[in-house]
Every structure is written in C-alpha cells, then in structure tokens.
1. Mind listing just one residue for me: the one in the stretch A:228-254 that is closer than 11 Å to B:GLN214 by Cβ and touching a residue at least 60 places away in the same chain (Cβ under 8 Å) and, of those, farthest from the other protein chains (Cβ to nearest Cβ)?
2. Can you go through B:THR151, B:THR218, B:THR171 and tell me which one is under 28 Å from B:THR258 (Cα atoms), at pLDDT 95 or above and within 14 Å of chain A (Cβ to nearest Cβ)?
3. Under 9 Å between Cβ atoms, which residue pairs at least 6 apart in sequence (or on different chains) link something in the stretch B:170-197 that is among the acidic types (Asp, Glu) with a partner that is surrounded by fewer than 20 Cβ atoms within 10 Å (Cβ to Cβ) and part of a helix (DSSP H, G or I)?
4. Determine which single condition A:PRO257 fails, assuming it passes every other condition in (1) closer than 15 Å to A:LEU188 by Cα; (2) of a type outside the set (A, V, I, L, M); (3) more than 9 Å from chain B (Cβ to nearest Cβ); (4) more than 20 Å from the chain's Cα centre (by Cα).
5. Any idea which of A:ILE70, A:ILE56 is under 22 Å from the mean Cα position of the chain (by Cα) and at pLDDT 95 or above?
6. Filter the stretch B:102-129 for residues that are touching a Gly at 6+ places or on another chain (Cβ under 9 Å) and under 27 Å from B:LEU60 (Cβ atoms) and give the result.
7. Return the total of residues in the stretch A:13-45 being hydroxyl-bearing (Ser, Thr, Tyr) and touching a residue at least 24 places away in the same chain (Cβ under 8 Å).
8. List every residue pair whose Cβ atoms lie under 6 Å apart, where the two residues are 6 or more positions apart in sequence or sit on different chains, the first residue falls within the stretch A:92-113 and is more than 18 Å from A:ARG126 (Cβ to Cβ), and the second residue, located anywhere, is surrounded by 15 or more Cβ atoms within 10 Å (Cβ to Cβ) and of a type in the set (Asp, Glu).
There are 2 protein chains.
Amino acid sequence: MNLAVAPAWIAVDWGSSFVRAWAMSQSGQILAANSSDQGAAKLHSTQFEAVLLNLIQDWLPSTNTVKVLICGMAGSRQGWQEAAYLPIPLKLTSDLSASRVASHDSRIQVSILPGLKQLETPDVMRGEETQLLGFIQQQPDFNGVVSLPGTHNKWVRVQAQQISQFSTCMTGELFELLAEHSVLRHSLQSSDWDAPAFDAAFLATIAKPQAFMQRLFTLRARDLLQGTPKAQARAQLSGELIGLEISAMQEAGFISPTLPLAFIGSRKLCDLYLRALNLLGIEAQAYAAEHLTVQGLAAAYQELRS
Amino acid sequence: MNLAVAPAWIAVDWGSSFVRAWAMSQSGQILAANSSDQGAAKLHSTQFEAVLLNLIQDWLPSTNTVKVLICGMAGSRQGWQEAAYLPIPLKLTSDLSASRVASHDSRIQVSILPGLKQLETPDVMRGEETQLLGFIQQQPDFNGVVSLPGTHNKWVRVQAQQISQFSTCMTGELFELLAEHSVLRHSLQSSDWDAPAFDAAFLATIAKPQAFMQRLFTLRARDLLQGTPKAQARAQLSGELIGLEISAMQEAGFISPTLPLAFIGSRKLCDLYLRALNLLGIEAQAYAAEHLTVQGLAAAYQELRS
C-alpha cells in the first residue's frame with residue numbers, strides 16, 4: 001500500500017454525480033484523498049463495491065479490516081443499499097445511526113449514514129445532514145437557519161445541534177432545465193454575468209412573485225425583438241428563480257429578522273444569495289462547503305464508535 | 001392529379017413539430033388534406049420546398065401555378081424564410097401582409113404570413129394570430145380575452161377584430177420539463193388523473209403563489225415517504241402550474257370580471273382551464289381549435305387577394 005500510516009478508517013461522500021473518499025487517521029486527519037465520477041445515479045447496486053475498492057485499494061492493508069463510513073445517495077433506494085431516513089426532530093450529534101452493508105471483500109466493513117425525513121410537510125435530505133454535522137462542529141451554538149444552495153437547495157432550522165424543520169427548493173434544477181432544455185436556451189448561452197440585471201429581476205420577483213409565469217417568456221422575446229445580451233437574460237432568469245425561492249422561504253418562516261442565516265455551498269452560489277438578501281437588508285454568513293462533509297463524517301464516525 | 005376539381009389555392013399550417021396542408025376551393029371549402037411530422041424545427045431552410053411538394057404533389061396541375069399560403073414557424077428566423085413580425089396593435093382582418101418566398105418549382109407560388117410582436121412588455125406569437133383570425137370569422141364582435149393553451153400559452157386581448165395586447169406563459173413547457181426531465185419524473189409517470197388533487201393544488205397556489213418553489217419538491221418527497229399515487233402528484237403539478245399562470249394573468253389584467261374569456265385549444269386542455277377558473281367563480285367559453293387555423297388561412301387568403 002502507498003500510505004506511510006495505515007488509515008484508521010475511510011470516509012466516503014457518495015453523491016448522485018461524484019464519489020469522494022478520504023483515508024483518515026484515528027485523530028481525524030486526512031491522510032489521502034481520491035475521487036471519481038462514478039456517482040450513485042450511474043451505478044447498479046451490484047457495482048458499488050467494485051467502484052469503492054478501485055478508489056481505495058492503495059490504502060487497504062493486506063490482513064486487517066478497515067471501516068468505511070459513507071454518506072449520500074449511495075444510501076438511497078436506487079443506491080448500494082437503502083439506509084432508511086431518520087425522522088426529525090433529530091439531534092445530529094447523538095441520534096445518529098448507520099446501516100451495515102453486506103460486502104464481499106474481507107478488508108472492508110462498510111456502513112452508510114441515513115438521510116433525514118420530515119413527515120409534516122413531507123421532505124427528505126440525504127448527504128446535507130452530514131455537512132450540517134460538520135458545520136455544528138465549527139458552530140456548536142448556532143441557532144438559526146442554514147441554507148445549502150445547489151441543485152436542490154435545502155433550508156434547515158438548526159437549534160441546539162438539532163434539526164427541527166427543513167424545506168427543499170428545486171431552484172438549481174429549474175435553472176438548469178430552463179437554461180439548457182427550454183426554448184429560453186437560445187437566449188441564455190453565456191459565460192458572462194450581468195449583476196445589475198440579476199438585482200433588478202430579483203427585486204421585481206420579490207415585489208410580484210405571482211407574475212413569475214408571465215415574466216419567463218419575455219427573456220426569449222426580448223432577445224428576438226431587441227437582441228438583449230445573453231448574459232443579461234441569464235442573470236435575469238437566475239434573479240427571478242432566486243426571487244421566487246426567497247419569497248417562498250420568507251412566507252414559510254425560514255427567513256426572518258430574528259433568525260441568524262448561514263449559507264454553505266460553493267463560493268459563487270453563496271455570493272449570489274448573499275447579494276440578493278443584501279438588497280432586502282438581510283444579513284447572512286457564508287461558509288465554505290469544502291471539508292464540511294469530511295468533518296461531518298469524522299464526527300459521525302466518533303459518535304458511532306462511542 | 002387525384003382531385004376531381006383543381007384547388008384554387010393551398011393552405012398550410014407549418015408548426016414546429018408538424019405540417020398540415022389543405023387543398024382549398026375558391027369558396028373556401030376543403031377539397032383534401034394531408035400532413036406529416038416534418039415540422040419546421042426539424043428542417044433546414046433548403047429542405048422546406050421538397051417537403052411541401054411531397055405533401056401536395058397529388059393536388060398540383062401540370063401547367064398552372066397554384067398559390068400556397070403558409071402560417072406558423074416556417075416563417076421564423078430558423079424556418080423556410082423569415083416573415084418579419086408585425087407590431088400590435090393590429091387589425092387582423094385588414095392589416096395583414098404576407099412575404100413571398102422564392103421557390104424553384106413553377107407550379108407553386110408560396111407566401112408566408114407574419115407573426116405578431118409586442119414591443120412594450122416584449123412578446124411574440126407565430127401561428128396563433130391565424131387561429132385568432134379564424135376565431136373572429138365566427139365571433140366578429142368578440143370583445144374580451146382569448147387564451148390559447150399549449151406549450152406556450154397565449155393570452156390575447158381582442159376587441160373590434162384588433163389585437164391590442166398579449167402575454168405568453170410557458171406553462172405547458174414547464175409541465176413537460178418537470179414531468180419528464182426533472183427529479184419529479186420518478187413520481188409523476190401516470191396516464192390516470194386525480195381531479196380533486198388538481199383542484200386542491202390549484203386553489204393552494206392561487207392563495208399563495210409565492211410558495212410555489214417550496215411546494216414543488218414535496219411532490220417527490222410525498223412519493224418517497226407516503227407512496228402518493230403518481231396520478232395524484234401529476235395532477236398536483238398541473239394544478240400548481242396553472243395556478244401560477246392564472247395568478248399571473250389576474251395580476252396582469254387578462255382575467256377580469258368585466259372581460260369575456262374564451263379558450264381555443266384541445267378539448268382536454270380547455271376543460272382543465274375551465275374547471276380551474278370555475279373554482280374561482282370565473283366563467284369562460286371553450287372553442288375547438290380544429291379548423292380555426294384553416295379558417296384563418298382562408299380569411300387571410302381572401303383579404304390578401306382583395
């Protein structure tokens with residue numbers, strides 16, 4: 001094997017599109033990392049073990065068994081093996097459990113962390129709970145709302161290390177569908193960005209969210225009739241969708257003057273949400289998503305061992 | 001040729017997905033009809049003439065020249081030849097024009113009807129104006145709003161045979177994208193329908209249109225957690241999108257107690273809109289779309305000749 005020190009355990013974040021693995025020391029240090037694009041959505045349940053072994057083979061001892069702890073979509077019904085959702089309210093730091101997965105290679109002992117489910121106003125998450133667990137390692141006293149923008153944005157009420165309520169907005173997926181697959185795609189292909197156009201579209205949608213359906217097609221018509229720059233139309237669509245999301249989250253109580261608000265995600269997406277909220281006079285903090293997942297997996301590993 | 005009487009002219013509705021042609025008598029009777037799936041979106045500009053000739057060859061005389069009048073996407077920038085949009089306000093029955101198209105076969109003389117453009121609140125239509133021209137042949141005194149539900153729903157203010165304002169809602173395309181290409185597709189595949197679920201989702205969206213972005217993902221979560229029937233989820237998505245559309249059209253003044261409202265479209269879609277509006281106590285009439293296009297083309301043909 002290629003590591004100077006044998007890993008105490010192995011952490012894995014297995015999302016829909018990608019899988020990332022880390023060789024971990026007993027004290028929670030990252031000894032090595034590897035990743036591939038063999039996301040859970042691309043695999044049949046019988047293929048997961050081989051993909052995992054291929055990713056971590058250089059770290060495995062010849063005789064001992066190493067524990068592997070996985071979070072994310074590998075635990076979904078269409079994944080490696082279902083790790084049933086745990087109901088909220090749930091204290092991330094003590095109410096955790098993990099499902100053992102049958103594997104054939106004797107060098108690994110695999111477990112998958114469950115996702116979370118909300119029964120009243122049905123909702124589910126899988127993977128974000130581990131990022132949140134990493135977040136509360138850094139911010140144990142956080143009492144507010146954490147938003148994790150991405151394909152399916154999660155808005156999560158966190159208090160005393162407990163998740164009490166959450167809501168999923170398909171904002172990212174809607175942007176992708178409209179920008180890449182609808183008639184608007186002809187008018188939005190640009191790698192540039194028009195910040196003032198984003199701001200104006202965001203504020204117009206906050207002021208009249210019910211006019212959303214009428215505004216969409218004008219992005220196409222403006223291009224046809226006025227040759228509107230594509231970067232402008234792209235920023236407008238983003239502003240409209242985020243406006244619709246913020247409007248929904250205000251309505252649902254996830255955004256309120258009395259609740260601290262934190263964003264976890266890519267720098268670019270977090271900046272967009274912070275900019276939008278700033279237009280409404282709402283303050284929020286952004287936290288880099290990097291390493292939060294592995295920190296969460298490390299916290300879960302310690303918790304499950306104790 | 002296969003017709004007992006030579007056609008006086010030929011009417012063509014060339015949409016994005018399909019092309020339909022009719023051999024017409026001088027008095028506006030349909031002598032024969034033909035169609036194919038060679039829609040404008042599938043063709044390069046150089047291919048249109050061959051497709052047309054293939055469709056109408058049995059109707060053509062060996063010596064004379066027959067006029068062919070086309071409406072729809074064949075006149076778009078990506079079509080056979082662009083027929084520039086006419087600006088509104090426009091009187092359908094007298095402000096019409098048509099663009100001559102260069103063709104190689106001496107047996108045909110081809111013209112394409114223009115689409116319409118609205119400069120204030122940019123919007124465009126191409127094809128619907130011909131259906132509306134057909135509609136006002138039947139309802140010359142109509143003073144109200146005509147809605148043409150489809151992929152891109154048009155809402156059109158019609159008064160004294162004039163179009164003064166219109167708005168396009170991408171409701172049909174959004175339904176298609178979400179039901180067939182988003183994560184919701186796993187929870188919506190059904191050919192059944194749940195009318196009470198449609199009603200409830202429609203009314204909930206009318207009551208709180210700003211909560212749309214929060215409601216979408218619950219369609220998926222309900223399936224995962226409660227095994228909600230897929231017909232129910234499909235009807236709910238439809239109710240939510242039409243709720244968002246009706247809410248926008250109320251806001252924009254296209255739906256008002258003082259304006260008669262007419263729907264032109266497929267029986268199934270019209271029924272859905274009438275059912276929804278009925279829940280709000282709003283009356284509307286539905287008109288079958290069939291033959292309105294050819295009636296519109298016939299009216300345009302008479303107008304252009306006179």
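1. For the stretch A:228-254, the residue satisfying everything is A:PHE254.
2. Sole residue among the options that is under 28 Å from B:THR258 (Cα atoms), at pLDDT 95 or above and within 14 Å of chain A (Cβ to nearest Cβ): B:THR171.
3. Pairs found: B:GLU173/A:VAL183; B:ASP192/B:LYS230; B:ASP192/B:ALA231; B:ASP194/B:ALA231.
4. (1)
5. None of the others qualify; the one that does is A:ILE70.
6. Once the filter is applied, which keeps residues that are touching a Gly at 6+ places or on another chain (Cβ under 9 Å) and under 27 Å from B:LEU60 (Cβ atoms), the stretch B:102-129 yields B:ILE112, B:LEU113, B:PRO114, B:ARG126, B:GLY127.
7. 3
8. Partner pairs satisfying both residue conditions: A:SER103/A:GLU49.
The values are calculated or read from the model by the stated rules, or taken from the named source; none is laboratory data. Owing to the predicted nature of the structure, the values given are computational and were not obtained by experimental measurement. Methodologically, a virtual Cβ is constructed for each residue, glycine included, from the backbone with ideal geometry; neighbour enumeration extends over all protein chains shown.
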